[in-house]
Amino acid sequence: MNNFGEKQFSLILGNGFDLSLGLRTRDSDFAVSDEWKDLYDDFDDKDRKPSLLKFLKYKSDVDAWFDIEQALFEYAKYNNYDAAYRNVEKDKLEFATLCNALSKYLKEHVNSCSHSLAGKVGTQLLHKLHLVQNKRIYTFNYTPLDILQDVMGIHPVMEAIYIHGKANDNSLILGFETNRVNDIIPGYSFLLKSYNPSYSSIELFQDMKMSDEVIIFGHSMNMMDSVYFDDFLRELISNQASQHKVTIFCEDEASKNSILDNIKNMGISIPKLFQYGKMEFILTENIKDDTKDQIAFEQLLDRITN
């Protein structure tokens with residue numbers, strides 16, 4: 001908590017925030033884009049040797065919920081039967097090409113955003129946070145939040161900390177994390193986020209710990225990013241007198257249950273988290289007149305400025 005009586009807020013954004021604004025920033029959206037098709041213009045499908053781009057193309061064709069980072073993790077896992085046939089240097093080049101294509105897609109998509117963002121839940125939330133001094137915004141998204149704020153009419157734009165880099169300044173950090181380097185094929189550490197030259201230390205845990213309220217919007221807290229949340233969640237359930245409040249925005253009941261599954265997979269007690277962490281879910285699809293989610297949203301907006 002801060003020492004000056006003013007409430008402190010931490011806002012953490014995941015891809016669900018972008019999607020709630022109507023942006024097409026899913027990996028599956030990228031996989032049907034012109035930039036994705038350009039990756040495979042000169043691709044030789046007759047080449048029987050394994051390659052990173054070949055594996056990603058296969059995954060994008062068979063997985064309804066295509067996830068690039070999960071696919072990269074699967075490709076790099078040590079027990080892959082084709083590990084002995086890999087060309088690591090070729091895969092490094094293909095990975096660099098992939099990152100450039102994703103950056104290009106996101107930059108052009110956000111810059112061409114023409115639909116109105118007025119009245120969106122995320123827009124209302126950012127406008128309220130703009131009125132308070134004591135806040136930190138962290139985003140796991142590559143999309144430039146400054147451009148989105150400009151479209152929303154938020155001036156001056158609020159600074160944000162880009163945990164995995166930003167699409168329009170060549171700092172995009174794509175990949176995965178694992179606590180056991182021995183789990184991946186030798187030579188594939190270039191796919192680890194923490195090995196990326198743009199990776200740097202952040203104070204997310206400290207800021208969450210110091211905040212009166214942590215707002216998580218559109219982040220699934222899945223295995224790939226659990227390292228950023230598990231220490232804070234453990235601290236919540238270990239400190240029964242904690243004054244923290246955690247508000248999680250997700251789309252619907254299914255996404256809520258998925259988040260709870262991911263938290264449980266971290267070894268966190270869900271009942272204790274609700275009991276001690278004062279955790280609350282707000283389902284964006286239910287934010288409409290007189291629903292409990294609408295009331296919870298209005299109460300959150302009031303807490304921010306009162």
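The values are calculated or read from the model by the stated rules, or taken from the named source; none is laboratory data. Quantities reported herein were computed from a predicted structural model and do not represent experimental measurements. Cβ: placed from backbone, ideal geometry, glycine included. Neighbour counts: every protein chain shown. Note: accessible area is taken over every heavy atom of the protein model, side chains too, but ligands, DNA and RNA are not part of it. Shrake-Rupley method; radii C 1.70, N 1.55, O 1.52, S 1.80 Å.
Of note:
- Residues in the range 172-185 that are at pLDDT 90 or above and either closer than 22 Å to residue 267 by Cα or not in a strand (DSSP E or B) (or both): 6 in all.
- Of all the listed residues (282, 216, 263, 237), the sole one being over 25 Å from residue 124 (Cα atoms), touching a helix residue (DSSP H, G or I) at 6+ places or on another chain (Cβ under 9 Å) and either polar (S, T, N, Q) or open to solvent by less than 10 Å² (accessible area, probe 1.4 Å) (or both) is 263.
- Of the residues contained in the range 126-134, none is found to be exposed (fewer than 15 other Cβ atoms within 10 Å of the Cβ) and either under 30 Å from residue 42 (Cβ atoms) or among the acidic types (Asp, Glu) (or both).
- The range 74-106, residues that are of a type in the set (A, V, I, L, M), at pLDDT 90 or above, over 15 Å from residue 56 (Cα atoms) and out of contact with any Ser or Thr (no Cβ under 8 Å at 6 or more places or on another chain): 88
- Of residues in the range 13-30 being of a type in the set (A, V, I, L, M, F, W, C) and in a helix (DSSP H, G or I), the one nearest to residue 215 (Cα to Cα): 17
- Test result for residue 162, modelled with pLDDT of 95 or more, hydroxyl-bearing (Ser, Thr, Tyr) and either touching a helix residue (DSSP H, G or I) at 6+ places or on another chain (Cβ under 6 Å) or under 24 Å from residue 30 (Cα atoms) (or both): yes
- The set of residues in the range 27-54 being in contact (Cβ under 8 Å) with a residue 12 or more places away in the chain, open to solvent by 50 Å² or more (accessible area, probe 1.4 Å) and closer than 17 Å to residue 85 by Cβ consists of 49 alone.
- Wholly within the range 186-286, strands (runs of 3 or more DSSP E) carrying at least 1 residues that are among the basic types (Lys, Arg): 245-250
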